[in-house]
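Here is the structure we will look at, set down as structure tokens.
The values are calculated or read from the model by the stated rules, or taken from the named source; none is laboratory data. Note that the coordinates shown come from a computational prediction; the quantities given were computed from them, not determined experimentally. Counting neighbours? That spans all protein chains shown, and the Cβs are built from the backbone with ideal geometry, glycine included. Note: areas computed on protein heavy atoms with side chains; ligands, DNA, RNA excluded. Shrake-Rupley method; radii C 1.70, N 1.55, O 1.52, S 1.80 Å.
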Amino acid sequence: MASSFSAEHAHTPPAPHRSLWRMIDWIWHIRGEVPLPAGQTADEAFGKLDPLFAHAGTIHARMGNHLTMTKHDPLAQDPLAVIDAGTMQIEAAGDGAILRYHLVSRALLYCFLAPLLFLGVGQLTAALGTLEKTPIEDKADKKKDKQAEIQLNPVDKFLGAPAPEKPKDEKKDGKDKKAGGDKEKDKFSPTPAYVFAGIFAALWLLGRLLEPWLIRRLFTRQLAG
């Protein structure tokens, strides 16, 4: 099916910024090459790869030894489900030929950006907890000062005036305060955000290490028939 899309053109900036872009695009771009079996032509090679482009949501176009591909909402059964676009080209190399590919994965990009988002949320939550903690401490100090003021003066004591009511059990108040403090601490705890940041960071690292190997193995097997 014909398509004017080109991964190189769609995801590569103008020439002056290309070197800087290349320094960061490895985060979600996968590049590699696979040697073709001896004697295999470009037509035969792309014929072997055709089943990979027959999945729902995949659009590809071929011009000579060059092929472009895009994917929209691929199914989970698609072996290239994590890939959104890419280009493939067969070039001569010594006595044989190689398949060079350049693939783009937004899933890798999202997994890379998600930890930064959750770290920001964690920092904001911690800041809110600090702001909330100050009024609670001030209120507790005022209550303590008020209890200290409720004392029987010497004259009333001499006249036999009844003693003021005892303040609540400090131990019990301490437990209540601790329970309330724990609730406030849980309310503004950055821990869940940091946990999610760690999960997505691990997913990106695993995907970045595993996907290039899986894709290379997939193409090698397809070309070998």
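Could you list all residues from the range 189-225 that are buried (at least 17 other Cβ atoms within 10 Å of the Cβ) and not in a helix (DSSP H, G or I)? Result: P190, single match. If we scan the range 85-102, do we find a residue that is under 24 Å from E211 (Cβ atoms) and assigned to a loop (DSSP other than H, G, I, E, B)? No: the range 85-102 contains no residue that is under 24 Å from E211 (Cβ atoms) and assigned to a loop (DSSP other than H, G, I, E, B). So is A7 modelled with pLDDT under 95 and surrounded by fewer than 13 Cβ atoms within 10 Å (Cβ to Cβ) or not? Taking the combined requirement at face value, the residue does not satisfy it.
Residue check: is L128 open to solvent by 70 Å² or more (accessible area, probe 1.4 Å), of a type in the set (A, V, I, L, M), more than 26 Å from L223 (Cβ to Cβ) and modelled with pLDDT of 95 or more? Criteria not met by L128. Filtered by the rule that a residue be more than 23 Å from R106 (Cα to Cα), open to solvent by 60 Å² or more (accessible area, probe 1.4 Å) and assigned to a loop (DSSP other than H, G, I, E, B), the range 25-62 gives A38, G39, T41.
Per the conditions (1) more than 22 Å from G207 (Cβ to Cβ); (2) at pLDDT below 95, the sole criterion not satisfied by Q89 is (2).
What about T41, is it polar (S, T, N, Q) and closer than 24 Å to A201 by Cβ? No: the conditions fail for T41.
Might you let me know whether the range 65-73 holds any residue that is open to solvent by 40 Å² or more (accessible area, probe 1.4 Å), more than 18 Å from D25 (Cβ to Cβ), assigned to a loop (DSSP other than H, G, I, E, B) and out of contact with any helix residue (DSSP H, G or I) (no Cβ under 8 Å at 6 or more places or on another chain)? There is at least one residue in the range 65-73 that is open to solvent by 40 Å² or more (accessible area, probe 1.4 Å), more than 18 Å from D25 (Cβ to Cβ), assigned to a loop (DSSP other than H, G, I, E, B) and out of contact with any helix residue (DSSP H, G or I) (no Cβ under 8 Å at 6 or more places or on another chain).
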